[in-house]
Amino acid sequence: MKRLLVIAIACLAAPLASAELYKYVDKDGKTVYSDQPPLNLDTKQLNIPSGAGTPPAPAKNALDRDKELQKGRDEAKERAKKSEQVAKQAQAQEQACAAAKAALRVYTDGGRVSRYDDKGERVFMDDQEIEAARERSKREMDEACKKS
């Protein structure tokens with residue numbers, strides 16, 4: 001019973017206790033905060049209200065918290081979806097670039113190059129056709145491999 005009475009009195013007296021805080025500038029020009037006043041220096045005593053006198057922040061109800069959580073989840077899904085689309089586009093561009101480089105390599109490596117005509121027959125290209133195809137492949141590669 002005595003313990004309970006002592007604890008109750010201590011709890012009631014706790015908000016009444018307040019610490020003194022002093023602010024001063026030391027000889028090096030630094031601002032110092034202390035619970036004891038310095039000797040032979042101009043000090044300013046700060047009044048800090050105790051935590052018991054401040055009203056608590058209004059609590060959010062469960063509906064508001066749920067709405068905030070859902071909004072965060074939706075934003076995370078949207079970011080993931082956008083990053084997935086960007087990754088797919090980058091992969092497609094990389095594949096197109098590799099295909100264009102391979103097509104150009106066919107015309108620049110030299111040798112006999114053939115194509116199929118309207119009848120489906122294999123026809124070997126002459127030097128002018130190969131040069132035209134090389135230029136076309138070079139333009140296509142430059143377009144496919146440009147960095148955006």
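Side notes on the structure shown:
- What the phi angles of the stretch 121-136 give under the Karplus curve with 6.51, -1.76 and 1.60, with θ = phi - 60°, is a coupling list of 8, 7, 10, 7, 7, 8, 4, 5, 5, 5, 5, 5, 5, 5, 5, 4 Hz, glycine and proline written as x.
- Once backbone amide H atoms are built at 1.01 Å from N, M125 has V113, S114, R115 as its partners under 5 Å, excluding neighbours fewer than 5 places away on the same chain.
- Gain in span if fully extended, Q91 to T31, counting 0.36 nm per residue against the direct Cα distance: 15.9 nm
- Relative contact order computed over the stretch 91-148 (Cα-Cα under 8 Å; 6+ residues apart), in percent: 45
- Our coupling estimate for the stretch 21-34, obtained by passing each phi through the Karplus curve with A = 6.51, B = -1.76, C = 1.60 and θ = phi - 60°, is 10, 10, 10, 8, 10, 7, 5, 8, x, 8, 7, 10, 10, 8 Hz, Gly and Pro reported as x.
- Restraint check, K60/K82; K82/K147; K23/K60, Cα-Cα greater than 28 Å: K60/K82; K23/K60
- Residue-span extension gain [E143 to V123] - 0.36 nm each, minus C-alpha spacing: 4.4 nm
- Ellipsoid semi-axes in whole angstrom, largest first, where each is sqrt(5λ) of the Cα gyration tensor of the stretch 91-148: 25, 13, 9
No lab work stands behind these numbers, since they all come straight from the coordinates. Since the model is a prediction, treat every value here as computed from it, not as a measurement.
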